[in-house]
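Down below is the structure, laid out as structure tokens.
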Amino acid sequence: MAETYISDTQLAARYGVHRTTPWRWAKTDPSFPQPVKLSPQCSRWKLSEIEAWEHTRATAA
């Protein structure tokens with residue numbers, strides 16, 4: 001099955017935050033998934049990793 005990738009804008013909309021916030025999370029929170037560089041000007045997050053991160057946060061709370 002093909003992997004789905006989402007942008008910082010899509011992540012921001014998903015969590016109701018500014019689009020720079022996922023980048024800050026990636027730098028400061030070791031549990032947050034790291035973006036994948038698809039080309040020199042294109043970085044995206046794997047949706048499966050974001051969903052797994054959400055699941056671990058939901059079960060830890």
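Points to keep in mind about this one:
- Selection count where residues are surrounded by fewer than 12 Cβ atoms within 10 Å (Cβ to Cβ) and not charged (D, E, K, R), scope the range 22-61: 14
- Looking across the range 1-17, the residues that are open to solvent by less than 70 Å² (accessible area, probe 1.4 Å), under 15 Å from residue 51 (Cα atoms) and among the aliphatic types (A, V, I, L, M) come down to 6, 11, 12.
The values are calculated or read from the model by the stated rules, or taken from the named source; none is laboratory data. Predicted, not measured: the structure shown is a model, and the values here were computed from it. Positions of Cβ are generated from backbone atoms using ideal geometry, with glycine treated the same way; all protein chains shown enter the neighbour counts. Surface areas here come from the heavy atoms of the whole protein model, side chains and all, with no ligands, DNA or RNA. Shrake-Rupley method; radii C 1.70, N 1.55, O 1.52, S 1.80 Å.
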